[in-house]
Structures are given as C-alpha cells and as structure tokens.
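The values are calculated or read from the model by the stated rules, or taken from the named source; none is laboratory data. Remember, predicted model here, so these are calculated numbers, not experimental data. Because the Cβ atoms are built from the backbone with ideal geometry, glycine has one as well, and the counts that use them run over all protein chains shown. For accessibility, only protein heavy atoms count, side chains too; no ligands or nucleic acids. Shrake-Rupley method; radii C 1.70, N 1.55, O 1.52, S 1.80 Å.
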Amino acid sequence: MTVGLSSSELRTFMEQAVEACITHVDRGGIPFVGVVVDDTGVISEFGVNKVRETGDHSAHAEIVAMRDAMASRGSKNLSGTSLLATGEPCGLCYRFAIEQQVDAVYVAVDRDVVAEWGFDYRVSYPALGISDDKLEGFAHRLPVDRGMEPFSRYLQINTHYGRPSVRPWKGTS
C-alpha cells in the first residue's frame, strides 16, 4: 500500500467518497468525486466537478481535490499522497496527478464501466500521453459495495421517458 494506509483504511475513505458522490448527484451534480489522502487520513475536500460553476474547464473533481490538498499542505506537489476517485480519472486528471507527484490513484469504477454509463472520455488518454503502461503500478482498482450507485442515480434522475434528459459531459470527470 502506498502512503502508509491499510487497504481497509483506503476502502473506508473510498466508501466516504462514494457517499459524498451520491449526495452530490442528488443535488444535481455529475457522479465524480476525488479525494486526496496521506498517512494521516483525508487531507483534501471531497472534490466535485466545478466546471459549470467556475467556467474553469480543468476544474474536474479530482483536480479540485488535488488543488485543495496542495493549498492545505502549503506544498507545490503531492508526493506521499494517494488520490481516490469514484470514477476512473480522465487523461487530464491523470496527467495532473502525475505532474503533482501523487504516489497512486485508486478508482471505485473503471473507465470502461464509466463509459457504459455515458461518461466516455477514453479518447483523452492517448491525447494526453496516458497509456496503460504509464498507469501500471500507479492506478489501482478499489471497488466498494455502493460504487455504482452514483452513476445509476445520475441516470435515474436525468432520464425521462427512457431517454437521458441531460447528456453527460464527455471529458469532465
């Protein structure tokens, strides 16, 4: 395990991220939450996508959490930390995590499953130089019991007459 946390502690933090994500979806958000942890526990807000609110196209959930962690640490990088994400990060978020020296990324729901739920940003990986080789040993699956719930709730809330009433954003985790 990276950052000195047990798999049980990481799972607990991922479960908390999923709960925060469900709340965010119920309030009208998209089903992505990111949170940064170190050996002391959670060190960032449970970041949500703030692209619409801020007009900042890089304000994805994971980047919001990483920016918050850097600000709270007073640090220019995130070495010694892990990023937990409810849905696998897009290429931009992975690139940011790599550049900020995050030790590892843990995902509750992987990119292929997320794509099945209407959030297909897999094209962003090669565009930003993110390959499976680059992610080997860096990105890890950490499924939790309710991991799919934010995505199913999102579609339930945003589907009328069998069709999505709001199209998920592509490339905005």
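Go through the range 120-173 and count every residue that is among the hydroxyl-bearing types (S, T, Y), at pLDDT 95 or above and open to solvent by 30 Å² or more (accessible area, probe 1.4 Å).
Total meeting the criteria: 1.
Please give the number of the condition Q16 fails out of (1) touching a residue at least 12 places away in the same chain (Cβ under 8 Å); (2) open to solvent by 40 Å² or more (accessible area, probe 1.4 Å); (3) farther than 17 Å from P150 by Cβ.
Failing condition for Q16: (3).
So, of the residues in the range 32-48 that are open to solvent by less than 10 Å² (accessible area, probe 1.4 Å) and either under 9 Å from the mean Cα position of the chain (by Cα) or among the charged types (D, E, K, R) (or both), which turns out to be farthest from V109 (Cα to Cα)? Before you say what the answer is, go through the steps one by one.
To start, the set of residues in the range 32-48 that are open to solvent by less than 10 Å² (accessible area, probe 1.4 Å) comprises 32-37, 41, 47.
Then keep just the ones that are either under 9 Å from the mean Cα position of the chain (by Cα) or among the charged types (D, E, K, R) (or both); that gives 32-35, 47.
Working: F32: 10, V33: 11, G34: 12, V35: 15, G47: 17 Å.
Applying the filter and picking the extreme gives G47.
Condition check: under 19 Å from I22 (Cα atoms) and open to solvent by 30 Å² or more (accessible area, probe 1.4 Å). Does F96 satisfy that?
No: the conditions fail for F96.
Which one is farthest from A104 (Cα to Cα), of the residues in the range 1-23 that are assigned to a helix (DSSP H, G or I), at pLDDT below 95 and not hydroxyl-bearing (S, T, Y)?
Only one residue tops the list, namely G4.
When you scan the range 9-37, how many residues do you find that are under 10 Å from L84 (Cβ atoms) and among the small types (G, A, S)?
The qualifying residues number 2.
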